[in-house]
2 protein chains.
Amino acid sequence: MKIKDIGEFELINLISNKPKNKEVLVGIGDDAAVIKTKKLQLLTTDCLIEGDHFNSKWFSPEQIGSKAIEINVSDIAAMGGIPKFLLISLALPNNLEVDFVKKIYDGMWKSSKKYDIEIIGGNMTHSNQIMISVTLTGEINKKNLTLRNNAKPGDYLVVSGNLGYGRAGLRLFQENISGFDKVKKKYLEPKAQLKKALKLAPFVNSMIDISDGLGSEVKHICKESKCGAVLYKEKIPIDIDVKKAAKILNEDEYDYALYGGEDFELLFSVSKNNIKNIDGYIFGKITKKRDIKLKSFKEKKNLDKMGYDHFSNTV
Amino acid sequence: MKIKDIGEFELINLISNKPKNKEVLVGIGDDAAVIKTKKLQLLTTDCLIEGDHFNSKWFSPEQIGSKAIEINVSDIAAMGGIPKFLLISLALPNNLEVDFVKKIYDGMWKSSKKYDIEIIGGNMTHSNQIMISVTLTGEINKKNLTLRNNAKPGDYLVVSGNLGYGRAGLRLFQENISGFDKVKKKYLEPKAQLKKALKLAPFVNSMIDISDGLGSEVKHICKESKCGAVLYKEKIPIDIDVKKAAKILNEDEYDYALYGGEDFELLFSVSKNNIKNIDGYIFGKITKKRDIKLKSFKEKKNLDKMGYDHFSNTV
């Protein structure tokens, strides 16, 4: 059955459920949701567009729905916060199967449940491409707030896990290369690093999630913190399978990590004193001098100045 | 200059400004915005899609931006609340002129300023159609909350102003009919009825904004309040210019009001005792019997049963 056959009223009935959280006074079904809050509130929004952020050839509808939630939880995690409530804005082609939409919601519910968050409102409309715009609120204690603007010269730059899966997975699908199931799954089913973020938050000076590639995120932290950085290329953690994929694709795995994006690991800066309290891969340092250098141990020279303009052109 | 020529970093710089409201601890530029709240919070989201909600042939970019804000303020108004903070999610084609995007933001700023609300975050991505997804928060005292689910049998059904401009304006543009400047302007520049809503809130039993046509909104109120309604067709307020437009277009002006939508006036139900405290056009009554009837004085008979199914097919 197509969406145009059942209409908005019935479609909303199919995907609505009553909120359980007592802080929700009014959920889905009125002009706005109503919530009671005591703590500081976080608000973030992120959008998935068919063709740009997912391709229905590779992604199941459950994976699309799940990704829409994970990328927003990733933003709340990067602030050191706890995700709470979701608003979902869907724009859908008329001839989309109702079952496809239900499965998108199955994916959203599955991820929401994992993080104990609830869908309390939203909106549905027509479009040519599938677009899922998600707004997520979160809660935070001020002392745990991990912003982009507090990196200090001398801080270590650290990532929470391996990078490059996002781009490698995409390239494997694009070039129709078989195998590499783990890499592909990491691309299709990215996960927010909420647990890691909550453990890190009390110890780090600055934090950001890696949605647009490590290079771009380092640039964000440096720009907001008014400092620079030096990165050691070979210290950037990359899984052996991503390296193998890059080799077959005749591409550079470090380009995947630096400019690829969609990895949703955490990038953070941490002082020497606190380095003992954190888990992660140290790959660089924050510097007073406001440029960003990428050094290679192998070649013992600066590979790239990577100033702001360079970044804005490559990412 | 095209968007693809300047990149996301520069584009965000062009459209960012520092929040003035002291409740905003972190605004645009981090993974999420941070706000301090004391009162009950309202959350709503609404989406404008090129081709569906606006056509760039008729709408200026300022009007597009302004409409994106007004339709969300309209939702907060319909809850009896005061709008506060905005998140803007933009999906834009690569070859869009940067100037066009700046003008969309000019429209958003203009409307935001009018209601004393601020843009505190958002997101930007690529798409084939222009898509603007807006999330708006609001504040409310619990006693002013005007939900859809509290209409009582015997309540008068009232609208806050003339209907039909939205559909009439669209049809005039579609059929390339000259003149009718007032109707066209009402279509291009819809306004949220925030002032009216705040005056009404203490006196009404239920309230909703008219975004999808009067018929659909009456249905929402009846469904949520578990009641029915009788509507008197000729009591539905329609401007003489909308009637003239309908005549030229050989269409029914009451169809515009009932099924057209995009008028953004308020629909509310109010008890006999409170009717003296409100301004508006009475056009019907809430009934215990759970169907919706449209009566015509002229023809002295039921014109239409307008049950749930009928509505869901026409709206």
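Computed quantities for the displayed model
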| item | result |
| --- | --- |
| Of all residues in region B:128-159 being away from chain A (no Cβ under 14 Å) and within 21 Å of the chain's Cα centre (by Cα), the one that is surrounded by the fewest Cβ atoms within 10 Å (Cβ to Cβ) | B:Val158 |
| Near pairs, Cβ below 7 angstrom, 6+ apart or cross-chain, from region A:85-109 (farther than 23 Å from A:Ala32 by Cβ and within 14 Å of another protein chain (Cβ to nearest Cβ)) to any residue that is in a helix (DSSP H, G or I) and basic (Lys, Arg) | A:Asn94/A:Lys4 |
| Some residue of region B:201-215 being polar (S, T, N, Q) and under 22 Å from A:Leu90 (Cα atoms) | yes |
| Enumeration of residues in region A:8-31 that are within 16 Å of A:Gly122 (Cα to Cα) and of a type outside the set (A, V, I, L, M, F, W, C) | A:Glu8, A:Glu10, A:Asn13, A:Ser16, A:Asn17, A:Lys18, A:Pro19, A:Gly27, A:Gly29, A:Asp30, A:Asp31 |
| Members of region A:42-54 found to be assigned to a loop (DSSP other than H, G, I, E, B) and either under 17 Å from the mean Cα position of the chain (by Cα) or free of Cβ contacts under 8 Å to residues at least 24 places away in the same chain (or both), listed by number | A:Asp52, A:His53 |
| Selection within region B:41-68 - surrounded by fewer than 21 Cβ atoms within 10 Å (Cβ to Cβ) and facing chain A (nearest Cβ under 7 Å) | B:Asp52 |
| Residue that is nearest to A:Asn17 (Cα to Cα), among those in region A:91-144 that are out of contact with any His (no Cβ under 9 Å at 6 or more places or on another chain) and hydroxyl-bearing (Ser, Thr, Tyr) | A:Tyr105 |
| Qualifying residue in region A:202-223 (condition: more than 25 Å from A:Gln41 (Cα to Cα) and polar (S, T, N, Q)) | yes |
| Of all residues in region B:176-221 being of a type outside the set (Val, Ile, Thr) and touching a Lys or Arg at 6+ places or on another chain (Cβ under 7 Å), the one that is nearest to B:Trp58 (Cα to Cα) | B:Pro190 |
| Residue match in region A:24-32 (condition: within 12 Å of another protein chain (Cβ to nearest Cβ) and touching a helix residue (DSSP H, G or I) at 6+ places or on another chain (Cβ under 6 Å)) | yes |
| Test: residue in region A:22-38 that is surrounded by 18 or more Cβ atoms within 10 Å (Cβ to Cβ) and within 17 Å of the chain's Cα centre (by Cα) | no |
| Residues of region B:160-194 satisfying the condition of being buried (at least 16 other Cβ atoms within 10 Å of the Cβ) and among the aliphatic types (A, V, I, L, M) | B:Leu163, B:Ala168, B:Leu170, B:Leu172, B:Val183, B:Leu188, B:Ala192, B:Leu194 |
| Lone qualifier among B:Leu48, B:Leu40, B:Leu92, B:Leu96 - being at pLDDT below 95, closer than 14 Å to B:Phe264 by Cβ and of a type outside the set (Phe, Trp, Tyr) | B:Leu48 |
| Residue under evaluation B:Ile117, criteria (1) assigned by TED's automatic domain parsing to the domain that holds B:Ile282; (2) touching a Lys or Arg at 6+ places or on another chain (Cβ under 8 Å); (3) of a type in the set (A, V, I, L, M, F, W, C); (4) closer than 30 Å to B:Ser269 by Cβ, criterion not met | (1) |
| Strands (runs of 3 or more DSSP E) contained in region B:242-315 and holding at least 2 residues within 14 Å of chain A (Cβ to nearest Cβ) and modelled with pLDDT of 95 or more | B:266-270 |
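The values are calculated or read from the model by the stated rules, or taken from the named source; none is laboratory data. All of these numbers come straight from a predicted model, not from anything done at the bench. Quick reminder, even Gly has a Cβ in these numbers, built from the backbone with ideal geometry, and neighbours come from all protein chains shown.
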